[in-house]
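The structure under discussion appears below in the form of structure tokens.
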Amino acid sequence: MSNLVLVEDAEGIRTIRFNRPEKKNAITRAMYSAAAEALETGDSEKSIKVFVITGTDGIFTAGNDMVDFMERPPHVGGGDVPPVERFMRALIGAEKPVIAAVDGLAIGIGVTLLMHCDIVYASNRSTFKTPFVDLALAPEFGSSQLFPQMFGHAVAAELLLLGNVWGADRAYQTGLVNGTTPPEALMDMVMGAARNLAAKAPGSLRAAKKLMKRPPEDIHERIKHEGGLFNEMLRSPEFAEAASAFMERRKPDFSQFG
Ligand code: COA
């Protein structure tokens, strides 16, 4: 694969980097396929505990490559699973935690994909824009449902109807991002959180994420599902290690678990 998507594994963290700065990291079909592959293989590889998705200096991504897009318009949900859909399915379906590190421009799917990450950190020079209506298109990948859920209808309309540009402060205030930092400190912030997650019990993280991603349901139904997973985890070797570590007054070591 070309170097337009760089994949690097270190300390249990797989970093997937959009690397096409001369085109503002606009994402082509080949890039979606490479990023999808990295997520799919990483999700089933025991040594990988966490994903980080990022871009390059000052550019997260300008979204879909417009040229590519016009050459082969993807019909998402149309049955043939275009690369963009494969990528978003891999992201939405990832059992392991995903952190996004946004520095600079995030446009279109560069914002949409953030909703499907678990944690988002952004540099304070970042900007966020979903110009779908401005391009005479429509919202994508659940954003028409998830944005109003996350921000309320009126605030979501700033992005999806007005096509406003949000700065990092607005993104933080609305809850689109978890934290902001000067650009030079971004990767430290992200890698700190990634290392923190990578050291946790992976089965427990998967269980918590799975529960958080369940659609809203009757609270008693939810309690039943939580109870099932809680009971499963109580019998797991991961819990045995956590309990022993507590009794022995040491830090648990979950590194052998995948
Ligand atoms: N698809 C394809 N190429 C893109 C692109 C995209 N989404 N975004 C930027 N580029 C390309 C430009 O065509 C240009 O290529 P060139 O140097 O060969 O002419 C290069 O990246 C630099 O972009 P440029 O527009 O010159 O930089 P800028 O700093 O003036 O503006 C943007 C940057 C991102 C604000 C502007 O390019 C833009 O609005 N892009 C479209 C973003 C968009 O609408 N994305 C949603 C798609 S659904």
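Residue under question is Thr61, and the condition is that it be touching a Gly at 6+ places or on another chain (Cβ under 6 Å), within 11 Å of the ligand (Cβ to nearest atom) and within 26 Å of Met150 (Cβ to Cβ); does it hold? Working first, answer last.
Details: touching a Gly at 6+ places or on another chain (Cβ under 6 Å): yes; within 11 Å of the ligand (Cβ to nearest atom): yes; within 26 Å of Met150 (Cβ to Cβ): yes.
In short, yes.
Taking segment 188-211 on its own, how many of its residues are without any contact (Cβ under 8 Å) to a residue 40 or more places away in the chain and open to solvent by 40 Å² or more (accessible area, probe 1.4 Å)? Steps first, answer last, please.
Residues of segment 188-211 that are without any contact (Cβ under 8 Å) to a residue 40 or more places away in the chain, as a first pass: 188, 192, 196, 204, 207-208, 211.
Narrowing the set further to residues that are open to solvent by 40 Å² or more (accessible area, probe 1.4 Å) leaves 188, 196, 204, 208.
Of the residues in that region, 4 qualify.
Here are some residues: Glu40, Glu8. Which one is touching a residue at least 40 places away in the same chain (Cβ under 8 Å) and either in a strand (DSSP E or B) or open to solvent by 70 Å² or more (accessible area, probe 1.4 Å) (or both)? Before the answer, list the steps.
Numbers: Glu8 fails: touching a residue at least 40 places away in the same chain (Cβ under 8 Å).
None of the others qualify; the one that does is Glu40.
Just name the residue that is farthest from Gly42 (Cα to Cα) out of those in segment 193-204 that are within 18 Å of the chain's Cα centre (by Cα) and of a type in the set (Gly, Ala, Ser).
Ala193
Quick check on Pro252: is it surrounded by fewer than 16 Cβ atoms within 10 Å (Cβ to Cβ) and over 30 Å from Asn124 (Cα atoms)? I'd like the intermediate steps shown before the answer.
Values: surrounded by fewer than 16 Cβ atoms within 10 Å (Cβ to Cβ): no; over 30 Å from Asn124 (Cα atoms): yes.
Spelling it out, it is not the case that Pro252 is surrounded by fewer than 16 Cβ atoms within 10 Å (Cβ to Cβ) and over 30 Å from Asn124 (Cα atoms).
Is there a residue being more than 10 Å from the ligand (Cβ to nearest atom), free of Cβ contacts under 8 Å to residues at least 12 places away in the same chain and within 19 Å of Leu135 (Cβ to Cβ) anywhere in segment 100-117?
Looking through segment 100-117, none of the residues is more than 10 Å from the ligand (Cβ to nearest atom), free of Cβ contacts under 8 Å to residues at least 12 places away in the same chain and within 19 Å of Leu135 (Cβ to Cβ).
All but one of (1) surrounded by 22 or more Cβ atoms within 10 Å (Cβ to Cβ); (2) closer than 25 Å to Glu8 by Cβ; (3) within 16 Å of the ligand (Cβ to nearest atom) hold for Thr56, so report the exception by its number.
The one condition Thr56 does not meet is (1).
What pairs can you find where one residue is in segment 229-243 and more than 17 Å from Asp253 (Cα to Cα), the other is surrounded by 12 or more Cβ atoms within 10 Å (Cβ to Cβ), and their Cβ atoms are less than 6 Å apart, with a gap of 6+ or different chains?
If the second residue must be surrounded by 12 or more Cβ atoms within 10 Å (Cβ to Cβ), the pairs left are Leu229/Ala207.
Taking the condition assigned to a helix (DSSP H, G or I), open to solvent by 50 Å² or more (accessible area, probe 1.4 Å), at negative phi and away from the ligand (no atom under 11 Å from the Cβ), does Ala34 pass?
On the way: assigned to a helix (DSSP H, G or I): yes; open to solvent by 50 Å² or more (accessible area, probe 1.4 Å): no; at negative phi: yes; away from the ligand (no atom under 11 Å from the Cβ): yes.
Spelling it out, it is not the case that Ala34 is assigned to a helix (DSSP H, G or I), open to solvent by 50 Å² or more (accessible area, probe 1.4 Å), at negative phi and away from the ligand (no atom under 11 Å from the Cβ).
The values are calculated or read from the model by the stated rules, or taken from the named source; none is laboratory data. Keep in mind that this is a model prediction, so the values were computed, not measured. Here the Cβ is made from the backbone with ideal geometry for all residues, glycine too, and neighbour counts use every protein chain on show. These accessible areas exclude ligands, DNA and RNA; they are computed on the full protein's heavy atoms, side chains included. Shrake-Rupley method; radii C 1.70, N 1.55, O 1.52, S 1.80 Å.
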